[in-house]
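Here the structure is laid out as structure tokens; the discussion comes afterwards.
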Amino acid sequence: MIPKTIMVKLSGKKLKELNDRIAERENNLCALCGAYVDKGMKAHHEPQGALKSDEESKMILLCLMCHYKRHNTSAGEEIKAKCKEYLSNLEEGVQNE
Ligand SMILES: [Zn+2]
Ligand SMILES: [Zn+2]
């Protein structure tokens, strides 16, 4: 059976709290290159588009540079793959608890 995908859409305080949790999870470091990420920075959503969802398991903390590359350069696909890999590893960790 294919699980039904429910998209989560948060706003205001809840969204801020979620972003704070992601930053905390990553110790304020970019998940890809390890650069320090300033507090208050919004986490990146992976996947993007129609599957975009405000959930911890679908968000990743990226520094300005990695985030910019993901959205605006030809390296975007590579970054996307790394984000997906990172998040799937994270998910496995949660399931093993
Ligand atoms: Zn980075
Ligand atoms: Zn993004």
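The table for this structure:
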| item | result |
| --- | --- |
| Neighbour cut-off at most 13 other Cβ (10 Å), DSSP loop, trypsin sites (Lys or Arg not before Pro), segment 23-96 | Lys39 |
| Residue among Val8, Cys63, Ala23 farthest towards the positive dipole end of the chain, charges placed on Cβ | Val8 |
| Largest-first ellipsoid semi-axes for the chain, taking √(5λ) over the Cα gyration tensor eigenvalues, angstrom | 20, 17, 15 |
| Kirkwood Rh (inverse of mean 1/r, distinct Cα pairs), segment 33-74, angstrom | 11.0 Å |
| Part-to-part distance (alpha-carbon centres) for segment 58-97 and segment 4-41, which is given in Å | 12 Å |
| Relative contact order (%) - the chain, alpha-carbon pairs under 8 angstrom, separation at least six | 26 percent |
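Rule-based calculations on the coordinates, nothing more; no lab input. Owing to the predicted nature of the structure, the values given are computational and were not obtained by experimental measurement. Cβ: placed from backbone, ideal geometry, glycine included. Neighbour counts: every protein chain shown.
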